[in-house]
Amino acid sequence: MSAMKIMDSILDLIFPKKCHVCGALNDEPFCMKCFTKIQLLKPQAFSHSVGTYQGTLKKAIHKFKFNKKIELAQPLGYLLVKYVNRHINIAGIEMVVPVPLHARRLCERGYNQSELLCHELTKYLNVPTVGGLLYRKRETQPQFELSRVDRFRNVRGAFEVKGRKLLEGKSVLLVDDIYTTGYTTSECTRVLKQNGARFVHILTLSRAVDDRV
């Protein structure tokens, strides 16, 4: 056994691995008990969400997004892959694009959770994640702090495309973590199509059961 494996074994004894959602001892960041509690949703026409934003999925996304548990990108990305394989015709998809964070928020958090999910997706889809193509030119308030009317105003004109030539005529899979009222993904879709995208599928990890998230 190599020195590195011995050290890993010692660390596992001192700091045993646990499920990030329920805290049970588990080799993976997501235990099977928590995994099976996720309430999956049926596919829709062009806007797809894997499950409802509650219970296990809500806890996992919150830890992934706000507690820097970036190792959850892999199991949460797996949920997206599983959903895509079952419900979305990926034959025509040519690029995966994350909903962007504003530069200040990206600096504070250290990563864009939607882009990490995209990278997990593209391991299986064999199409590139194009980060930076769509960017947030204006900082916006968190949508959950606002009324439905204010959410629309909050994101209107907040996004822009850099590199229109990359986008022209392309079919895009737009990815985000949470779908609430849909104003953010709708505005991103509008801007992508305005800049030459042929088609935009929306895929989110979760969908709010109401708009108070």
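The values are calculated or read from the model by the stated rules, or taken from the named source; none is laboratory data. Treat the numbers as computed from the prediction; the structure is a model and nothing was measured. Using ideal geometry, Cβ is built from the backbone for each residue, glycine included, and neighbour counts are taken over all protein chains shown.
For the range 24-43, the set of residues classified as aromatic (Phe, Trp, Tyr) and touching a Ser or Thr at 6+ places or on another chain (Cβ under 8 Å) consists of Phe35 only. Checking every residue in the range 54-77 against the condition of being closer than 17 Å to Thr122 by Cβ and touching a residue at least 60 places away in the same chain (Cβ under 8 Å) gives at least one match. Evaluation of Leu173 against the conditions (1) under 24 Å from Lys63 (Cβ atoms); (2) not in a helix (DSSP H, G or I) shows that the sole unmet condition is (1). The condition (being in contact with a strand residue (DSSP E or B) (Cβ under 9 Å, 6 or more places away or on another chain), within 22 Å of Arg207 (Cα to Cα) and among the acidic types (Asp, Glu)) is satisfied by just one residue among Glu71, Glu120, Glu115, Glu94: Glu115. Any residue in the range 81-88 that is among the β-branched types (Val, Ile, Thr), surrounded by fewer than 20 Cβ atoms within 10 Å (Cβ to Cβ) and either within 23 Å of Ala208 (Cβ to Cβ) or within 14 Å of the chain's Cα centre (by Cα) (or both)? Yes, there is a match, as at least one residue in the range 81-88 is among the β-branched types (Val, Ile, Thr), surrounded by fewer than 20 Cβ atoms within 10 Å (Cβ to Cβ) and either within 23 Å of Ala208 (Cβ to Cβ) or within 14 Å of the chain's Cα centre (by Cα) (or both).
Restricting attention to the range 79-92 and to residues that are out of contact with any helix residue (DSSP H, G or I) (no Cβ under 7 Å at 6 or more places or on another chain) and among the hydrophobic types (A, V, I, L, M, F, W, C), the residue that is farthest from Phe199 (Cα to Cα) turns out to be Leu79. Selection of the range 93-142 for residues being touching a Ser or Thr at 6+ places or on another chain (Cβ under 8 Å), under 17 Å from Ile70 (Cβ atoms) and among the charged types (D, E, K, R) yields only Glu115. Out of the range 197-213, which residues are at pLDDT 90 or above, in a loop (DSSP other than H, G, I, E, B) and either among the aromatic types (Phe, Trp, Tyr) or out of contact with any helix residue (DSSP H, G or I) (no Cβ under 6 Å at 6 or more places or on another chain) (or both)? Arg198 - this is the single residue of the range 197-213 that is at pLDDT 90 or above, in a loop (DSSP other than H, G, I, E, B) and either among the aromatic types (Phe, Trp, Tyr) or out of contact with any helix residue (DSSP H, G or I) (no Cβ under 6 Å at 6 or more places or on another chain) (or both).
Hey, does the range 203-213 have a residue that's buried (at least 22 other Cβ atoms within 10 Å of the Cβ), assigned by TED's automatic domain parsing to the domain that holds Ile61, out of contact with any Phe, Trp or Tyr (no Cβ under 9 Å at 6 or more places or on another chain) and on the phi < 0 side of the Ramachandran plot? The answer is no, given that none of the residues of the range 203-213 is buried (at least 22 other Cβ atoms within 10 Å of the Cβ), assigned by TED's automatic domain parsing to the domain that holds Ile61, out of contact with any Phe, Trp or Tyr (no Cβ under 9 Å at 6 or more places or on another chain) and on the phi < 0 side of the Ramachandran plot.
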